[in-house]
Amino acid sequence: MSNETKAAPTGEATYERRVKQRRVDTKMVPVPSTSIVPERDVNSKPVLETRHLGIDFGGLHAVEEFNLTVGKTEIAGLIGPNGAGKTTVFNLLTKVYQPTHGTILLDGQDTAGMTVPKVNQAGIARTFQNIRLFSRLSVEDNVRIGLHNQIKCSMLDGIFRTPRYYASEKEFHERSLELLDVFGMADQAGAIAGSLPYGAQRRLEIVRALATNPKLLLLDEPAAGMNPSETSDLMDNIIKIRDEFQIAVMLIEHDMDLVMGICEGIAVLNYGKIIAKGTPEQIQNNPEVIEAYLGKQEEAPARTEADEAAEALAAADAADEAALEAAADEAAPTTSVFPGPDAADSKEAE
C-alpha cells in the first residue's frame with residue numbers, strides 16, 4: 001500500500017466545486033416596463049398586471065405576449081379589429097380559458113390555478129357581448145344573485161327562517177336597491193328582467209356585476225345596441241362607478257367616441273398581439289393603429305427612365321395625329337345644307 005495519500009479538498013475548494021455543479025445557463029428576458037397608469041394611481045399597487053400572457057389553440061396563437069398594467073382606479077380600453085382576440089383576453093383574465101403561458105396578477109396576487117368562481121371572489125367581474133340575464137326573474141333578483149359571495153347566513157338559517165336569515169335578506173334588499181339606483185333603475189326592481197328594453201337590460205347586467213364587489217370590472221361591448229343618448233348616459237355612469245366605488249374599469253368597445261371620451265389608457269390588439277399602448281391622443285395618431293383599422297395604403301411604383309421615355313413617345317404620337325387631323329380639315333371643301341342667297345338668285349335666272 002502506497003504511503004502517498006490524496007490531499008483532501010479544502011473547504012473553499014469544495015464550495016467552489018458545488019457552486020459550479022449548481023450553475024445553469026438561464027436565458028434572461030426583459031420584464032415589460034413600458035406601462036403607464038393614471039398619476040393618481042402611481043403610489044398604489046396596480047389592480048391588474050399581465051406578463052407574457054398567451055394562449056394557443058392547437059397551432060394557432062390566439063393571444064401572445066400580452067403585457068398590460070391597469071391602475072387601481074383607471075378606466076382602460078382594449079380595442080382592435082374584429083377577431084383580434086379581445087374577448088379571448090377577457091376569457092383569460094376570468095379563467096374561462098386557462099392561459100398556455102404567462103402570468104396574471106390581480107392586486108398583486110397570482111391567479112394561477114384559480115377557477116372562474118375563485119377569480120370572481122378575488123375581485124374580477126365581467127359582462128358579456130350577448131346579454132346573459134335570468135330573464136324570468138325580477139330585476140332585483142338578478143342583482144341579488146350577484147351578491148351570492150357575500151352571504152352571511154347558512155342553509156339551516158334559510159330552512160328555519162332564523163333572525164340571521166331575515167337580517168341577511170333585509171341587507172341584500174337594501175344593497176340591491178342601492179346598486180340599481182346608480183343607473184336610475186330602483187323603481188324597476190319588481191319588473192321582470194326579460195321585459196326591460198335592450199338598453200336597460202345592458203345596464204342591469206352591469207349592476208349585477210357590480211354586486212359581486214369587484215376590484216376590476218370588465219365590460220365587453222357595453223354600448224352595443226344602444227342609441228346615442230343611451231351611450232352618453234353609459235359614459236357618465238362608467239365614470240360614476242369608478243368614482244363612487246373606487247375600482248378600475250376595463251372595456252372592449254367599437255364605439256370610438258365612447259372609448260376616446262372616457263378611457264385614460266388604451267391598448268390596441270391585432271392578431272392576438274398588442275401593437276400600441278398609450279393615451280387616446282397617442283392612439284389616434286399611431287400609424288400602426290390606423291393601418292390595422294383601415295389597411296395599408298399601397299405606394300405607387302417608382303417611375304423609371306423607360307416609363308418617362310414611353311410617355312414622351314406617346315405624347316409625340318398624339319401631337320402628330322392631331323396635326324394631321326387639323327390639316328385634313330383645312331383641305332376639305334365646306335358645303336352648307338342650307339342654300340345661300342347666290343344659289344337662290346341663279347335659280348331664278350334659269
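Odds and ends about this structure:
- Qualifying residue in segment 201-217 (condition: under 17 Å from LEU78 (Cβ atoms) and either of a type in the set (D, E, K, R) or in contact with a Lys or Arg (Cβ under 7 Å, 6 or more places away or on another chain) (or both)): yes
- Residue count for segment 171-203 satisfying the condition of being closer than 22 Å to GLN129 by Cα and out of contact with any helix residue (DSSP H, G or I) (no Cβ under 6 Å at 6 or more places or on another chain): 12.
- The set of residues in segment 242-261 that are in contact with a Leu (Cβ under 9 Å, 6 or more places away or on another chain) and within 25 Å of GLY85 (Cβ to Cβ) comprises ILE247, ALA248, VAL249, MET250, LEU251, ILE252, GLU253, LEU258, VAL259.
- Lone unmet requirement of (1) assigned to a loop (DSSP other than H, G, I, E, B); (2) at pLDDT 95 or above for THR34: (2)
- Filter result for the condition that a residue is surrounded by fewer than 15 Cβ atoms within 10 Å (Cβ to Cβ), in contact with an Asp or Glu (Cβ under 9 Å, 6 or more places away or on another chain) and either of a type in the set (Lys, Arg) or not assigned by TED's automatic domain parsing to the domain that holds MET235 (or both), over GLY190, GLY199, GLY194: GLY190
- Scanning segment 133-144 for residues that are under 30 Å from ILE79 (Cα atoms) and either under 20 Å from the mean Cα position of the chain (by Cα) or assigned to a helix (DSSP H, G or I) (or both) returns ASN142, VAL143.
- You will find that of VAL89, VAL139, the residue that is among the β-branched types (Val, Ile, Thr), within 25 Å of SER168 (Cα to Cα) and either buried (at least 19 other Cβ atoms within 10 Å of the Cβ) or without any contact (Cβ under 8 Å) to a residue 60 or more places away in the chain (or both) is VAL139 and no other.
- Those residues of segment 212-224 which are crowded, with 23+ Cβ neighbours inside 10 Å and over 19 Å from GLY71 (Cβ atoms), in sequence order: PRO222, ALA223
- Check on ILE290, aliphatic (A, V, I, L, M), modelled with pLDDT of 75 or more, touching a helix residue (DSSP H, G or I) at 6+ places or on another chain (Cβ under 7 Å) and surrounded by 10 or more Cβ atoms within 10 Å (Cβ to Cβ): no
The values are calculated or read from the model by the stated rules, or taken from the named source; none is laboratory data. The shown structure was predicted, so the numbers you read here are calculated from the model rather than taken from an experiment. Here the Cβ is made from the backbone with ideal geometry for all residues, glycine too, and neighbour counts use every protein chain on show.
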